[in-house]
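The values are calculated or read from the model by the stated rules, or taken from the named source; none is laboratory data. Since the model is a prediction, treat every value here as computed from it, not as a measurement. Don't worry about glycine lacking a Cβ; one is built from the backbone with ideal geometry, like all the others, and counts go over all protein chains shown. What goes into the accessible areas is simple: the full protein's heavy atoms, side chains included, and nothing from ligands, DNA or RNA. Shrake-Rupley method; radii C 1.70, N 1.55, O 1.52, S 1.80 Å.
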Amino acid sequence: MTDAKNIKQSQSRQAVRPGMMRPMGGGRVAMGTDRAKHFGRTMKQLLQYLRPFWVRLIVVVVFAIGSTVFTIIGPRLLGDMTNKVVDGYVATQAYDKLTAQLPKGVKLPAGTTGKVLLQKIPANELSKIPSDQRGAIAKIDFSAGRPKYDFAGIASIATWLLVMFAVSAVFGYAQSWLMADMVQQITYNLRRDIAKKINKLPLRYFDNQPFGEVLSRVTNDVDTVGQNLNQSITQIITSVIMIIGVLAMMLSISWQLTLIAVIIVPLSLIASLFVVKRSQSYYMNQQNTLAELNGHIEEMFSGHTVMRAFNGENRSISRFKKLNYKLFNNSWRATFLSGLMMPITQFIGNLGFVGVAVTGGWLAIHGSVNLGDILAFIQYVSLLNQPITQAANIANVLQLAAAAAERVFEFLAETEELADPAQAAAVQPADIKGHVDFEHVVFGYNPGKNIIKDFTANVKPGMRIAIVGPTGAGKTTLVNLLMRFYDVKSGSITIDGTDTRDLRRADVRRLFGMVLQDTWLFNGTIKDNIAYGKEDATMDEIVAAATAAHADGFIRALPGGYDMVLGEDADNIAQGEKQLLTIARAMLANPPMLILDEATSSVDTRTEVLIQAAMDKLMHGRTSFVIAHRLSTIRGADLILVMENGNIVESGTHQSLLAANGFYASLYNSQFNGAMVDDEPNVQLVAN
Amino acid sequence: MRKLARFFVPYIPYLVILLALVYGQTWATLALPSYMSDIVNKGIVAQNNNIILQDGLKMLGVTLLGGVFMIGVSYISTRIATGYARRLREAVFTRVEMFSLVEFNSFSNASLITRSTNDVQQIQQVLGMILRIALIGPFMGVGAIIRAWDLAPSMTWIMALAIVILTSIIAVLFTVALPRFKQVQKLVDRLNLVTREFLTGLRVIRAFNREDHEEKKFDEANMDLRRVNTFVNRLLATLQPTLMLIMNLVSVAIVWVGAYAVSSNVMQVGNVLAFVQYAMQAIAAFLMISMIFVLAPRAAVSAQRIGEVLGTEPLIVDPDEPQKPKADLAGTVTFKDVSFAYSGADKPVLEHISFTAKPGETTAFVGSTGSGKSTLISLIPRFYDVTYGQVLVDGVDVRQLRLKDLHAKVGYAPQHATLFTGTVESNIKYGKPKADLNDVRHAANVAQASDFIAKLDGQYDSDIAQGGTNVSGGQRQRLNIARVLAYKPEIYIFDDSFSALDFTTDAKLRQALKQETAGKTVLIVAQRISTIIQADNIVVLDEGKVVGQGKHDELLKSCSVYREIAESQLSAKELQAAASSGQLTSPELAL
C-alpha cells in the first residue's frame, strides 16, 4: 500500500512539476515555473561539479569562439563577394553606356581610365553618379575593352568561405561533442553521489520521506540538470561571443546602422519578456488544472467499482467535464500566448531589416557604405536578434536547472549517520551466545517526544521474546533499535555484554537474521535472492536452506526452478511464497539471533502453516524477537513485551502479565471471555 | 484512427480558415525577398531613395499583415488542438466510466489512466505543432521553389541538391539514433528499477550488509545509461553544425553561380540575393515537413492506444426491456448453478454455485485466497456477468434489471477501502448525496468512526486527500462501512472489509452492525473465522466450488476444508469454547 502511495505521489509530482512538458516549437520559450530557493548558492554548488572539467571547458570555449567567429566573419566575406559582383555589374553597365554614346569608330587612347572620363564630366552630371560607384568607374580602363567580372577574386573569396564554414562546423561539432560528454559525466557523477549518499543516510531520513521523492531526484531531477546544463552553457558561451563579435563587425561597417540595430533589436527582448510573463501564469494554471484533472481520472479509475456501485457515474462525469473545460481554457491561452512570440520577434526582425535597408540605401547613395556591407549588415541584425530573443529562454532554462539541482544538493547535504567507532570491538557471529540486555533504554523518533521512556530487560540465550500490541503501537521500533537502524537516546542495548554502539553497525546486523512481513526480494533469480545474505553460498547450501524453509517444494514446481527470475516486486510468485523465500534467506545466513514478523494477511491458510513451521525451525536454539500475532506464539514466549502508542507498557510472561491485570490482561480478557482463559502454559496447538 | 477522426469533424470549418491563414502567412513570408530584391536593384544599385522608402514601407505592411496571419494561425491551431483534445479526453473518460471490470481487467487500471491523460496530452501537443508549424512546410516549400524557379531556373539545382543531402543526413541520423533512443528508455527503466529496489529494500540491505553490492549494481546501471546517452548525444550534436554548414554552403554557392548569371545579364544582383532567401525558406520548409515524420509516430502510438479504448464497447449494459423486481422477494439474493470464468481463461473461477441469501440473514463466504470469494460477490452488482447460470436479486435475473436500480439496492464495501477527494462527510454520503448530517453522524457512529472523526481538526469537514492517503487503513475501512450504512441499501455486501480493524473495534462494529442491518440481507466475505462464526449460513469455497454450506458447528463436523481453516486459526479448545459460548471474537491478539 505504501508503495502504491509513493508511486502515486511521485507521479503526481511529476505531473505537477512544470517544465516537464516543454513546448517544442521553434522560437517558443521553455515555460519554467519551477524556481530555486537559493539560485546563487545552487549555482555555486553546480560549479563545484564543473570544476574537474575546467580544462575541457576552456577547450569548449575556444572551440565555441572559433566556430562563432567564423560564423560572424562569414556574412562580411559574403558581402565582399557580392561587392565584386556589383562592381563588375556597375563597370560593365558604365562601359556599355559610355561606349554607346561614343561616335562609331572612335577609339579611346591607350590608358584612358574612368578617372579621366569622370574629370571631364560636368559637376551637376557627376553628382548623379553614386559615390561608391564612382570609385568603380574610376578604375575601369576603357581602352582595354569591355571590363570583365573579377571571377578569380570571387572564386578565391568563395573558396575561403567554404573552408571557413567547414572549419566552423567542425569546431561547432567538437564543442557540442565535448559538452555532451561532459554533461553525461556530470549526470553520472551526480547519480553516483546520490547512491553513495543513500547508503550513508540514517533510516530516519527515509522513514520520513516517501521514497518516490528520492527516486524522482535520482531520475528526473538529475536529468533536468543535465539537459538544461548542456543547453544553457552552450547558449551562454555562444551568445556572449556572438553579441560582442557581431557588434564589433557592425561598428566596423557603420555606426549609424549599428545605432538603428541597437535600438530595434532589444525591442524583441522586451516583447518576449512581456509575452513570457503573461503566458507563464496561464501555464501555471494549466499545469495545476492538469494535475487536478489527472488526479480525478486516477481516483475514479482506481475506485471504479465503488463509483459504479453507488451510482456515481453522472457526478464523476460532470466533475470531469468541469475540470476538462477549465483545462481547455487555460491550455489554449497559454499555448496561444507563447505562440505570439514568433510573429512578434519576426515582425521586429523585419522592422530591423527595413530600417537597415532604408538607412543603408541612403548611406550608400552618399557614399559611406556599399551594397555588400548593407547585405552583411542585414545578416548581422538577424544574428544579433537570435541571442537576444533567446535570453529569456536561457534565463528560464537556468532556473529549471537550478531548481532541479537544488533538490539534488539538498539531498546530498542531509545529515549522515554517525560513523562507526574507530576502534570497534571485533565480534564473530559464531562466538555470540545471545545475551541481550536493555538497560534503561530511552528512545523517541521526534526530538521532543520519547516513546520508550525507561525500558530494562535481560534476555538470556535462546529465549523467545514476543512483541505484542494493537496496530500502530510501534512494534517495529524495537527492531529498529536492535538492528541499529536507529540509536537509543540514552541507556544501552548490549549483546553478550558489549554495547551495540561500540560495534560496527555491519557487525551488529550480522548477528541478527531478519524476516519481515514486508518481504523484500529483488529482480533476479530465486537462487541469488536466497543467497543474498551469504554471497559465497554453494548450490547445496541454498537448496538445504530452501528445504529447511519448506520452500524447496514450490521452487521446484516453478518454471526454471531455482533459476527462475523474479519480476519487479517479485510479482510473479505469491505473497506466502515470498515469505518462505525470505525465511530461506535468513536460514542460509545462519545468524545467532533472530527478528521475525509473523505473517498474517493475504496468505492462504495452508501456506501459513508452512511458514509457521519454517519459522519455528529457524527459531530453534536462537535468541528470537518475534512481532507476534498468534496466540500460540505469545503464550509460548519466555518474555512478552506489550506495546501501546510506541511505548513498552508492560513486560513479563503470559502468566505474570495476566496476574498483573494491566493492559495485557484487559486486551486478553476483552478478547476471550473469562471462562476461556487458559492457565496451562503449554497450549495444545493444532497448527504445529 | 477512424474512431479519433470522428471528433475532428466539428473542426473542419476551422481547418478551412486555418488553411487560408496559412496561405496568407506563406504569401507574406515569400513576398519579402522580392521586395528586398527590388530595393537592391531599383533602389541601391540605381540610386533611388524613393524606391527604397516606398518598398521599405510596403515591406513593413506585408510584415505586419504576415504577423496578423501568423497570430491567426496560432490562435486557430491552438483552439483546434486543445478543443480536439478536450473532446477526445471526454470521450475516453466517459467510455471508461461505463466499463465493467471485464474491460478494466483487459486494459489494466494504470494503462487506462495513461491513455486518458498522457496519451491525449501527447496528441494535443503533436496536433498543435503540426497545425502551427508543420502545415506551413508544404505551402512554403512549394512557394519558395516556384519563386526561385521564376528567378533563375538554371540555379534551382542547388536547392534540390541541398535538400537531397539534408534528407539523406537526417535519414541516416535517425536510423542510427532511433534504436538507441529505445535503448536509452530501457536503461532509464532499469536505473529506476534498481533505485526503487535500493530504496524499498534499505532495511534488508543493511541487515545483510549488502550496501556495497547495491551501490555496485546501481553503478552498473548508471554507467550503461551514461554510455548510451553519450553516444546518442554525440550523434545529435552533429545535427546543428551540419544544418548550418549546408545553409551557409548553399548561400555561397548561389552567390558564386549567381555572379556568372549576373555577368551574362540573366539575373540582376538583387535577384541573386532573393534567390538565397528562397533557398533558405525552402530548406526551412523541408525541416518543418520532416518534423511530421518525427512527431507522427509518437502521436500514432497514442492514437492507437486511445482508439483501442474507444473501440471497446462495455459488455455489461442495461437490458433493452428491464423487468420490475418482485416485491414479495425483495432483498433476496439467489445464485442458481452459477459458473464464471474470466475471459480468455480456460479454467472457471467459480463452478456450479447455488445458494440463497434472505433478508434478516447473514450469509458468509470463507475459503483460502484464490478460492473465488470476491469474484462471487462481485457478480451481484454485475461487475462481471455470469458465464453460466443465473444470479437473481429480488427474484429477477440481475441482467434483466436496470443497472441503476440494481446498484440502488446493493450496498458494497470493497476489499480495498476506497475514498475520494473531498471531506469526511462527502465521502460518507457519496452514495446518498442528499443525506443530512444526522444520517451521516449515525452511519459514522455505527461504523465506529465517530471517535476518530471527532479528533480530526475539521471533524466531518476534514479534508480527505486523493485516495484517502491521509487517514489510516483502519479508518479508511470504517469510512467505507459508514458510506454503505448511509446508503441504506436492501442488500449489504462486505468484501473482507474488516481486515484492518483491531479486534476491539471489530467486535464493537459487528455488534452495532447487527442492529443496523436487522431485517436486511447481509453478505460477508471474511478471512477470519471469528468474523463469521455466528453467520446464519456459511458458504465454504475451495478452488471455485462450494464444498460446504451451513452453520459453524455443522461445518466443523461435516466440512473438512472448513475444519482445516478453522483449525489453522484457532486451537481445539478455543474452537469448542467458541462454539459453545458463541462469544469468541478473534484469536489474534494484535493484528
Rounded to whole Å², per residue accessible area for the range A:518-625 with a 1.4 Å probe reads 37 Å²
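Quick one: with all protein chains in place, what share of the accessible area of the range A:422-510 is carbon or sulfur, to the nearest percent (1.4 Å probe)? Mind dumping the intermediate values first?
Numbers: 1910 of 3900 Å².
About 49 percent, which is the carbon plus sulfur part of the accessible surface.
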Counting only protein heavy atoms with a 1.4 Å probe and every protein chain in place, the carbon and sulfur fraction of the accessible surface of the range A:518-625 in whole percent equals 49 percent
Rounded to the nearest 100 Å², the accessible area hidden between B and A, summed over both chains at a 1.4 Å probe radius, is 14600 Å²
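If I take every Cα pair under 8 Å that is 6 or more residues apart in the range A:518-625, average their sequence separation and divide by the length, what percent do I get for the relative contact order?
Working: 138 pairs, mean separation 36.9, N = 108.
Across the range A:518-625, relative contact order equals 34 percent.
Any chance you could run the full-extension gain for B:Arg402 through B:Ile146? It's 0.36 nm times the residue separation minus the Cα-Cα distance, nm to one decimal. Working shown, then result.
Working: separation 256, 0.36 × 256 = 92.16 nm, distance 6.56 nm.
The span from B:Arg402 to B:Ile146 would gain 85.6 nm if fully extended.
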Protection proxy (average C-beta count within 10 Å per residue), highest first, orders A:73-79, B:312-318, B:162-168 as A:73-79, B:162-168, B:312-318
Chain B -> Rg/Rh from Cα coords, Kirkwood Rh, value 1.17
For the range A:527-539, Karplus-derived ³J(HN,Hα) couplings (6.51, -1.76, 1.60; θ = phi - 60°; whole Hz; x for glycine and proline) come out as 4, 5, 5, 5, 7, 4, x, 9, 4, 8, 4, 7, 4
Amide H proximity to B:Thr423 below 5 Å, modelled H, separation 5+ or other chain, gives B:Ile464
Candidate span helices, chain B: DSSP H, at least 15 Å along axis from Cα coords, Kyte-Doolittle average at least 0.0, result B:12-38, B:49-97, B:136-151, B:156-200, B:239-263, B:269-310
Excluding ligands, DNA and RNA, the carbon-plus-sulfur percentage of the accessible area of chain B with a 1.4 Å probe reads 58 percent
Mean per-residue count of partner chain Cβ within 10 Å for A:360-368 equals 4
Quick calc: nm separation of the 7 Å Cα→Cβ label points for A:Leu259 and A:Ala424 -> 7.7 nm
Calc'd 3J(HN,Hα), the range A:581-597, phi into Karplus 6.51 cos²θ - 1.76 cosθ + 1.60 (θ = phi - 60°), Hz, glycine/Pro = x, comes to 5, 5, 5, 4, 4, 5, 3, 5, 5, 6, x, x, 9, 9, 10, 10, 10
One would report the Cα pair-distance distribution of the range A:518-625, bin width 10 Å, in %, as 15, 52, 30, 2
Here FRET efficiency (C-beta to C-beta, B:Met98 to B:Leu15, R₀ 30 Å, nearest 0.05) is 0.50
Under 5 Å from the placed amide H of A:Leu594, counting only residues 5+ away or on other chains, we find A:Gly513, A:Thr623, A:Ser624, A:Phe625
Set B:Lys324/B:Lys514; B:Lys336/B:Lys432; A:Lys534/A:Lys617; A:Lys475/A:Lys578, cut-off 27 Å on Cα-Cα distance; pairs above it are B:Lys324/B:Lys514; B:Lys336/B:Lys432
Given backbone amide H placed at 1.01 Å from N, residues whose amide H is under 5 Å from that of B:Ile493, ignoring those fewer than 5 places away on the same chain, are B:Gly411, B:Tyr412, B:Ala413, B:Leu523
Mean accessible area per residue over the range A:422-510 (1.4 angstrom probe, all protein chains present, square angstrom) is 44 Å²
Given a 1.4 Å probe, the accessible area of chain B per residue, as a whole number of Å², is 41 Å²
Relative contact order as a percentage, the range A:422-510, C-alpha pairs under 8 Å and 6+ apart, gives 39 percent
Placing each pseudo-label 7 Å from Cα in the direction of the beta carbon, A:Leu251 and A:Asp496 end up separated by a distance in nanometres of 8.2 nm
Percent relative contact order for chain B, counting Cα pairs under 8 Å at least six residues apart, stands at 14 percent
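Counting only other chains, what is the mean number of Cβ atoms within 10 angstrom of the Cβ of each residue in peptide B:407-414? Please report the intermediate quantities before stating the final value.
Working: counts 6, 3, 0, 2, 2, 5, 2, 4.
Per residue, the number of nearby Cβ atoms from other chains is 3 on average.
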Contour minus Cα-Cα span, A:Ala659 to A:Asp431, at 0.36 nm per residue, comes to 78.3 nm
Plugging the Cβ-Cβ distance of A:Asn189 and B:Ser558 into 1/(1 + (r/R0)^6) at R0 = 51 Å yields, to the nearest 0.05, a FRET efficiency of 0.15
Sorted by accessible surface (1.4 Å probe, heavy atoms of the protein chains only), largest first, A:His620, A:His38, A:His304 come out as A:His620, A:His38, A:His304
FRET efficiency (B:Ala5, B:Val164; Cβ distance; R0 45 Å; to 0.05) is 0.85
From highest to lowest solvent-accessible area (probe 1.4 Å; ligands, DNA and RNA excluded), B:Tyr35, B:Tyr84 read B:Tyr35, B:Tyr84
Computed about the Cα centre, the charge dipole of the protein assembly as shown from +1 Lys/Arg and -1 Asp/Glu charges at the Cβ has a magnitude in debye, to the nearest 20, of 5100 debye
Mean other chain Cβ within 10 Å across B:183-190 is 1
Output ordering of A:60-67, A:368-375, B:444-451 (per-residue mean of other Cβ within 10 Å, highest first) is A:368-375, B:444-451, A:60-67
Computed, not fitted: 222 nm per-residue ellipticity of chain B from DSSP H runs ≥ 4 (each -39500 (n - 2.57)), nearest 500, equal to -20000 deg cm²/dmol
Mean Cβ-within-10 Å packing, highest first, puts peptides B:125-137, B:279-291 in the order B:125-137, B:279-291
If every Lys and Arg gets +1 and every Asp and Glu gets -1 at its Cβ, then about the Cα centre the range B:318-467 yields a dipole, in debye to the nearest 20, of 160 debye
Cα extents of the protein assembly as shown along the principal axes, largest first, in whole Å, come to 144, 84, 53
Cα-based Rg/(2.2 N^0.38 Å) for the range A:422-510, rounded to two decimals, is 1.11
If the label point sits 7 Å along Cα→Cβ of A:Val170, residues of the range B:229-256 with amide N under 15 Å come out as B:242, B:245
For B:Asn50 and B:Ala327, extending 7 Å from Cα along the Cα-Cβ vector and measuring point to point gives, in nm, a value of 10.2 nm
